[in-house]
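So the structure is just underneath, and the comments pick up after that.
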Amino acid sequence: MRTTVGIIGAGPAGLFLSHLLHRRGIDSVVLERRDRSYCESRQRAGVVEHSVAEALRASGVGERMDRDGFVHEGIELRFDGRGHRIDFPALTGRNVVIYAQTEIVTDLIARRIADGGRVLFDAEATDVEGIDTESPRVRFVADGSEEVLECDYVAACDGFHGVGRSALPTDSMRCFDKGYPFAWLGILADVAPSCDELVYAHHPRGFALHSMRSESVSRLYLQVPSDTDLGDWPDERVWDELDTRFALRDDDWALRRGPVTDKSLTPMRSVVTEPMQHGRLFLAGDAAHIVPPTGAKGLNLAMHDALLLADAFTSAHTDGDTSGLEGYSATALRRVWRAEHFSYWMTSLLHPAPEGSDFDRRLHLSHLDHIVSSPAAATQLAENYTGLPRV
Ligand code: APR
């Protein structure tokens, strides 16, 4: 099998890249080890940055997002028993769209298939070879038999544990990482959201986030110790803890409860692999970087990588101009490190450290108070949250 760009992974990065390349007349093949329904139902992020929403629309896959997603013009920071709104358009002129990653993946798969794209499900890449040559290859297994995808370029969009990242020569790459001493316990519940916008709550017992997937589905998270056993968290305990952390002092606001349809644990970590390329292999999305979910940047970074790579492949393939490809990693990493810092900053701002002292707690409250009372500080949050403009 032969193609111009061999893409490993049918997550948002791989699918969006394949879609963008198709629009520019460049052939690609996407190899995905899971089946289609698994990819379309995997619960992940749900906040789409302003410029990513615009890019989806501009490439003709924003219709369902604009119909079913929610434009959010702010978030609430809740601490010390009070809520404070951060108004995005007033501070930055931008907003975000609440639309689940799983829906973006569903839209992109449908579109690739309607456009005659080759997305091979149940096809697991096992090796990437010849990245220092002009004809790299991806070995993969489909239907129990070994096959080879010959390409001009390989885009590894296969997540952190994918084969793409491990094909980079170890002596020329560096991995930067940071762990956090807590995780997120997330639930998906069949109940209308209890608020119109996302609520980020800082509480002495830990952070909590109220988010939503639709008018009838709520997504809620609790900061928990990293070694938490989900078996210790029956639904009632989760709801009670959420109630405590979201409680307002002078308000009878109450959290709506409903049937819990999914419960999961998300570890928190930050990782960056540098450079994001070697020879004819290019990494995009989680394959190159991981952020803790607090800043809602994982999905958006993956989409920005795809946009950059699509431009770079187009220039190389159509005009023979390889400068975009040569500079891909350096260009992408500017946004990546900004998002890494913002995600770390939001995480540190909102999560009390398990070993934190009373002094630390006072610092936290002072920091939060500064953000909600200083337009300059609030703008910094809003600018990063809604996403910096495309470079
Ligand atoms: N062969 C084929 N497919 C593979 C292989 C392999 N060897 N290894 C992994 N994959 C597939 C996975 O099954 C998955 O569908 O690669 C895809 C990677 O998709 P994502 O994990 O969604 O990664 P990405 O597209 O970079 O999107 C990043 O996902 O984890 C979230 O918060 C993160 O929202 C961000 C987004």
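The numbers here are math on the coordinates, done by the rules we state, and not lab data. Model, not experiment: these values are computed from the prediction. No Cβ is skipped: glycine too gets one built from the backbone with ideal geometry, and neighbour counts run over all protein chains shown.
Determine the dipole magnitude for region 341-391: charges of +1 sit on the beta-carbon of Lys and Arg, -1 on that of Asp and Glu, nothing else is charged, the reference point is the Cα centre, and the result goes in debye to the nearest 20. If you can, show how the numbers build up before the last one.
Details: 3 positive and 5 negative charges, 37 e Å.
The dipole magnitude comes to about 180 debye.
Tell me whether region 13-52 comes out rounded, prolate or oblate; compute the Cα gyration tensor, take square roots of the eigenvalues as a ≥ b ≥ c, and use a/c under 1.5 as the rounded threshold. Note, shape of region 13-52 comes out oblate. Remark: spin-label model distance L230-E147 equals 3.3 nm, labels positioned 7 Å along the Cα→Cβ axis. Think of the chain as having a plus end and a minus end, set by charges on the Cβ of Lys, Arg, Asp and Glu; of F359, A377, H203, A377 sits farthest toward the positive end of this dipole. Rounded to whole numbers, the Karplus 3J(HN,Hα) couplings from phi for region 312-326 are 5, 5, 5, 4, 5, 6, 8, 10, x, 8, 9, 5, x, 5, 5 Hz, using 6.51 cos²θ - 1.76 cosθ + 1.60 with θ = phi - 60°, and x at Gly and Pro. Distance between the modelled labels on L248 and R269, one decimal in nanometres: 3.9 nm (7 Å Cα→Cβ projection). Farthest towards the positive end of the charge dipole of region 1-158, among the residues F121, I104, G83, is the Cα of G83, using unit charges on the Cβ of Lys, Arg, Asp and Glu. Rounded to the nearest whole Hz, the Karplus-based 3J(HN,Hα) values (6.51 cos²θ - 1.76 cosθ + 1.60, θ = phi - 60°) of region 67-73 follow the sequence 7, 9, x, 10, 7, 10, 9, with x at glycine and proline. Put a plus charge on the Cβ of each Lys and Arg, a minus charge on the Cβ of each Asp and Glu, and nothing anywhere else: the dipole of the chain about its Cα centre is then about 480 debye. For A10, the residues whose amide H sits under 5 Å from its own are R33, ignoring neighbours fewer than 5 places away on the same chain, with H placed 1.01 Å from N.
Per the helix-only calculation at 222 nm, which mean residue ellipticity applies to the chain, given -39500 (n - 2.57) for every DSSP H run of n ≥ 4 and division by its residues, nearest 500 deg cm²/dmol?
Numbers: 13 runs with 140 residues, N = 391.
After summing the helix terms and dividing by residue count, I get -11000 deg cm²/dmol.
Taking the DSSP beta bridges with both ends in the chain, the antiparallel portion is around 75 percent.
If only the Cβ of Lys and Arg carry +1 and only the Cβ of Asp and Glu carry -1, the dipole of region 1-76 around its Cα centre is close to 460 debye. Taking the Cα centre of each part, how many Å lie between region 265-322 and region 325-355? Value for the Cα centre distance between the two parts: 13 Å.
Find the Cα radius of gyration of region 241-374, compare it with 2.2 N^0.38 Å by division, and give the number to two decimals.
1.45
Cα centroids of region 135-176 and region 185-241: 36 Å apart.
In Å³ and rounded to a whole number, note down the convex hull volume per residue for the Cα atoms of the chain.
Numbers: hull volume 56.6 nm³, N = 391.
Roughly 145 Å³ of hull volume per residue.
Across region 184-196, coupling constants 3J(HN,Hα) worked out from phi with the 6.51/-1.76/1.60 Karplus curve, θ = phi - 60°, read 10, 9, x, 10, 10, 10, 7, 8, 4, x, 8, 8, 7 Hz, and Gly and Pro carry x.
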